[in-house]
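What follows is a set of notes on a single structure, which appears directly below.
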Amino acid sequence: MRTPLCDLLGIEHPIVGFSPSEHVAAAVSRAGGLGVLGAVRYNDPAELDQALDWMDAHTGGRPYGIDVVMPARVPAEGTPESLNRLIPEPHKTFVQDTLLKLGVPPLPRDDEPGDGQAGDDRAGDGVLGWLHSIARQHVEVALAHPARLIANALGPPPPDVIARAHERGMLVAALAGTAGHARRQVASGVDIVVAQGYEAGGHTGEIASMVLVPEVVDAVGGQATVLAAGGIGSGRQIAAALALGAAGVWMGSAWLATQEYASTTSAPAVTAAVIAATSSDTVRSRIYSGKPARLLKNRWTDAWEQPGAPEPLPMPLQNLLVSEAHQRLIRSGRPDVVPMPAGQIVGRITQTRPVADVIADLVTEADQTLEKLRKLR
Ligand SMILES: Cc1cc2nc3c(=O)[nH]c(=O)nc-3n(C[C@H](O)[C@H](O)[C@H](O)COP(=O)(O)O)c2cc1C
């Protein structure tokens, strides 16, 4: 199964694997896909630099990408202290009361910073990766490494970032939830549009992949490469994405129960929750970041749906509000409260496996499906 994406990115299989873990991202690249490391968890850009040094040494010379979070409009910018003053007291009280009701212990007094996996950011500092100023520093770090691709989670990156990435020979990708987003991204100079459907883990729009992907393919009209994202976890789904006109797939949730993900702090609870989850066990909510994102549904997300629960705040205030709570929920090690982006495809994940095995199965099943379809008359 080769598509033009393979030549564009210099990869064997048209599979892009996003992960907040450098171990997963590197394994995807080594297995012939393109691993993309999520930068948002790095409060300190120097730590991102170290993670990319590690990627440079562990991808076996294969290409990889990096994903930053730069919202088009940020409602507030400042230090955690100054932003904290913008958070209403009733919101803080709700979070504390909910943690108490759920029996989630406080952080140890001499708490060391976590390893910053998605959702386990250091208390009070977790907001930093979501600030435009820090995302800009992430870009500077990324541009200093031999990454093949820089992606933005929330629309096209600013024009100067696109221009500088192109000067360095890097491709630029952006996630789109509507055909209109895709058109604007292409007009901005984005090379790869990731059409991300409602089913996806993380930030997601309201249109399902089956409808969105061909809409985006037609809207882009060959001016950019289109990848399908959201709900992809098998070779049959990859074949379907290609049938819808995509040149490849971008996957996130499928790696949450991989052996490589086990090196992250949140892994025991996340892996157990993902393996137990059905496709009904996710929820699209603003409680994670202030923008709609699909998460594992559990007692923490349920609490925010109860009568009397406050409306989530805009980005980045919501992330600051729940930052310490996320750390506590993850440290509790409990699958019934872990705060984690995850898509509906978790219903198909039933065991922990190495990334290379997941990719080998995806490729085999996609090839078999394409062969089967070719025989249809
Ligand atoms: C744990 C997790 C964290 C994510 N964080 C980000 C992120 O920081 N930036 C981003 O562009 N997408 C993020 N996403 C979304 C993925 O990049 C990808 O678009 C999505 O997972 C695709 O849908 P799927 O989950 O159905 O495979 C995240 C997804 C997951 C599961």
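When you scan region 328-337, do you find a residue that is surrounded by 14 or more Cβ atoms within 10 Å (Cβ to Cβ), away from the ligand (no atom under 16 Å from the Cβ), over 26 Å from A254 (Cβ atoms) and not acidic (D, E), even just one?
Yes, some residue in region 328-337 is surrounded by 14 or more Cβ atoms within 10 Å (Cβ to Cβ), away from the ligand (no atom under 16 Å from the Cβ), over 26 Å from A254 (Cβ atoms) and not acidic (D, E).
Which of the residues that make up region 267-284 are crowded, with 17+ Cβ neighbours inside 10 Å and away from the ligand (no atom under 14 Å from the Cβ)?
Result: A272, single match.
Every residue in region 34-61 that is of a type in the set (D, E, K, R), more than 16 Å from the ligand (Cβ to nearest atom) and crowded, with 17+ Cβ neighbours inside 10 Å, please.
Matches in region 34-61: D49 only.
Take T264 and tell me if it is within 12 Å of the ligand (Cβ to nearest atom), over 21 Å from A208 (Cβ atoms) and surrounded by 17 or more Cβ atoms within 10 Å (Cβ to Cβ).
yes
Within the group R294, R284, R299, which residue is basic (K, R) and more than 17 Å from Q344 (Cα to Cα)?
None of the others qualify; the one that does is R299.
Kindly list the number of the only condition in (1) more than 22 Å from T264 (Cβ to Cβ); (2) within 20 Å of the chain's Cα centre (by Cα) that fails for V346.
(1)
List, please: which pairs have Cβ atoms under 9 Å, are six or more places apart or on different chains, and start with a residue in region 245-257 that is modelled with pLDDT of 95 or more and near the ligand (Cβ under 8 Å from one of its atoms) and end with one that is of a type in the set (K, R) and part of a strand (DSSP E or B)?
Qualifying pairs under 9 Å: S253/R294.
So, in region 216-236, how many residues would count as being free of Cβ contacts under 8 Å to residues at least 40 places away in the same chain and within 14 Å of the ligand (Cβ to nearest atom)?
Here the count works out to 1.
So M315 passes all but one of these: (1) in a helix (DSSP H, G or I); (2) modelled with pLDDT under 95; (3) buried (at least 20 other Cβ atoms within 10 Å of the Cβ). Which condition number does it fail?
Status for M315: all satisfied but (1).
This table checks each residue for (1) within 16 Å of the ligand (Cβ to nearest atom); (2) more than 18 Å from the chain's Cα centre (by Cα).
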residue	(1), (2)
A144	no, yes
L149	yes, no
P156	yes, no
A163	no, yes
E167	no, yes
A176	yes, no
V186	no, yes
V190	yes, yes
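Please verify whether I345 is in a loop (DSSP other than H, G, I, E, B) and surrounded by 17 or more Cβ atoms within 10 Å (Cβ to Cβ), treating the condition exactly as stated.
No: the conditions fail for I345.
The values are calculated or read from the model by the stated rules, or taken from the named source; none is laboratory data. Not measured: the values here are computed from a predicted model. Because the Cβ atoms are built from the backbone with ideal geometry, glycine has one as well, and the counts that use them run over all protein chains shown.
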